[in-house]
Amino acid sequence: MKLQEIANTLDEAAKNAEAVEQISEKNKFNLEQAYAIQRLSIENRKKRGEKVVGYKLGFTSYAKMEQMGVHDLIWGILTDDMKINFGETVDLNRWIHPRAEPEIAFRVGKDITKPISLEKVPQYIDKMASAIEIIDSRYKNFKFSLEDVVADNCSSTGYVLGGWYDLKPDDIADLTIDLKINDEIVEKGKTSAILDNPLKSIVELSRLATDAGLKIEKGQVILAGAATAAVYLKPNDKIESELEGLGKVAFEVK
Ligand code: OOG
Ligand code: MG
């Protein structure tokens with residue numbers, strides 16, 4: 001299978017909410033090719049009018065690595081079509097087998113065009129927010145290899161943001177984060193679970209995305225990766241994440 005064909009297969013699977021077989025079982029491709037497939041699938045989305053609005057990191061916490069059996073940091077691309085408004089109700093039919101996970105989001109205050117160090121991160125990031133990511137692997141049973149999940153844009157499908165707060169870089173490495181479903185806490189974590197300090201995800205992304213020739217633009221959003229395992233969504237769930245000091249973010253499904 002050509003890289004473009006794999007990209008089309010995954011893009012169609014996402015568009016039609018229909019799972020496909022794990023691709024690497026029959027068609028081997030390497031990590032570099034996986035990122036090429038990811039970007040080709042984003043090109044398909046752009047041709048349909050979607051705009052790139054940010055990036056996400058994956059497997060930045062041990063909880064996520066253990067849940068999914070993949071132990072390398074990955075990154076993917078967010079488009080405007082994936083944005084869900086705070087408080088919105090979404091039809092579950094839009095997805096295959098969605099899961100929600102609690103995250104912290106950052107807003108880019110100045111274009112990032114080269115790798116940056118942890119000390120420099122506050123010069124490039126101006127705001128932070130409580131966030132929920134919705135992931136929906138296009139592979140049957142959420143089963144994938146590292147290469148498969150990267151090609152599938154790291155299962156990206158949706159994100160919800162709470163209100164933006166000024167970045168307080170010295171203050172965010174050890175905040176409590178709770179994921180609630182129908183008012184019951186189902187996952188509890190700490191921001192320290194994300195690479196010891198979620199700002200390190202910006203350092204990692206700055207290296208990986210600029211190596212790939214991309215510019216991380218002012219105004220874009222970066223999801224640092226989930227602090228806890230992800231939870232499957234059921235009809236009529238109300239999903240809420242609360243991040244210490246940054247308040248709540250929520251949405252509902254039907
Ligand atoms: C891959 C996406 C991982 C995270 O926050 O670690 C991710 C998956 O679990 O399907 O978004
Ligand atoms: Mg995530």
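The values are calculated or read from the model by the stated rules, or taken from the named source; none is laboratory data. Owing to the predicted nature of the structure, the values given are computational and were not obtained by experimental measurement. Heads up, the Cβs are rebuilt from the backbone with ideal geometry, glycines too, and the neighbour counts pull from every protein chain shown. Protein only, heavy atoms only, side chains kept; ligands, DNA and RNA dropped before computing areas. Shrake-Rupley method; radii C 1.70, N 1.55, O 1.52, S 1.80 Å.
Under the rule a/c < 1.5 gives rounded, and otherwise a/b versus b/c splits prolate from oblate, where does segment 78-144 land using the Cα gyration tensor? Prolate. Descending by average beta-carbon neighbour count within 10 Å, the peptides 51-57, 38-44 line up as 51-57, 38-44, the highest first.
Just how much of D196 is accessible, in Å², when a 1.4 Å probe is used and the result is rounded to the nearest 10? Number for this one is 110 Å². Normalised by the number of residues in segment 122-174, the average gap of Cα pairs under 8 Å and 6 or more apart makes the relative contact order 53 percent.
Per residue, segment 1-86 exposes 51 Å² of solvent-accessible protein surface, assessed with a 1.4 angstrom probe and all protein chains in place. Short-range pairs are left out: with C-alpha atoms under 8 Å and at least six residues apart, the relative contact order of the chain is 28 percent. Prolate is the label for segment 157-254, because a/c, from the alpha-carbon gyration tensor with a ≥ b ≥ c as root eigenvalues, is 1.5 or above and a/b exceeds b/c. Protein heavy-atom accessible surface, 1.4 Å probe, per residue over segment 115-229: 38 Å².
Considering only alpha-carbon pairs that sit under 8 angstrom and 6 or more positions apart, the relative contact order computed for segment 114-240 is 29 percent. For the chain, the square roots of the Cα gyration tensor eigenvalues, ordered a ≥ b ≥ c, give a/c of at least 1.5 with a/b no greater than b/c, which places it in the oblate category.
The share of accessible area on segment 175-254 that comes from carbon and sulfur is 46 percent, using a 1.4 angstrom probe.
Across F29, F144, F106, mean-square fluctuation computed from a Gaussian network of the chain (C-alpha pairs under 10 Å connected) peaks at F29. Split the accessible area of segment 1-139 by element, probe 1.4 Å, and carbon with sulfur accounts for 47%.
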